[in-house]
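Working notes, structure below.
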Amino acid sequence: MNRWLIGLGITVVVLAAVAVVLFLFGGMQPPTAEARAAYAVEVAAGRQPAVGARFVIPIPGCVCHTSDPVLQVQHSVLRMSECGACHSRG
């Protein structure tokens, strides 16, 4: 019984650690090549700032639901802990 409880406790701690890491560093899937190309045109024209590289762990199924390539690329460097700025609006 004790081994089972220890195993369960370790599993819960590992899952909690994974959840925290994904919350702090996880983000959406990278935008499509078409969206990146459209954004590159905007950057080259000086209408949008270049988006810097940032460490984000892509979470499968997490995507930007807009068709605007500017928002898709700008949101691609956001982490889950920062998503509330857009998604908490009612």
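Peptides 70-77, 26-33 ordered by packing proxy, namely the average of other Cβ atoms within 10 Å per residue, highest first: 70-77, 26-33.
Solvent-accessible area per residue in the chain equals 71 Å², computed with a 1.4 angstrom probe and all protein chains kept.
When you restrict to C-alpha pairs under 8 Å that are six or more residues apart and normalise by the size of region 1-78, the relative contact order lands at 39 percent. Note that region 49-56 has calculated 3J(HN,Hα) couplings of x, 5, 9, x, 6, 8, 6, 9 Hz, one per residue in order, obtained from phi through the Karplus relation 6.51 cos²θ - 1.76 cosθ + 1.60 (θ = phi - 60°); glycine and proline are x.
Given the choices (i) 37, 12, 10; (ii) 29, 20, 12; (iii) 18, 17, 11, semi-axes √(5λ) of the Cα gyration tensor in Å derived from the coordinates of this structure is entry (i). Amide H contacts under 5 Å for ILE57: GLY26, GLY27, restricted to partners 5 or more places along the chain or on a different chain, H placed in the peptide plane at 1.01 Å from N.
Taking trypsin sites (Lys or Arg not before Pro) as exposed when their DSSP state is a loop state and no more than 13 other Cβ atoms lie within 10 Å, the longest site-free interval of the chain runs over 1-46.
Give a quick list of chymotrypsin sites (Phe, Trp or Tyr not before Pro) in the chain that DSSP marks as loop, anything other than H, G, I, E or B, with at most 14 other Cβ atoms within 10 Å.
Loop-located and lightly packed - PHE55.
The values are calculated or read from the model by the stated rules, or taken from the named source; none is laboratory data. What you see is a predicted model; the values in this text were computed from it and never measured. Counting neighbours? That spans all protein chains shown, and the Cβs are built from the backbone with ideal geometry, glycine included. The area values use the complete protein model at the heavy-atom level, side chains included, leaving out ligands, DNA and RNA. Shrake-Rupley method; radii C 1.70, N 1.55, O 1.52, S 1.80 Å.
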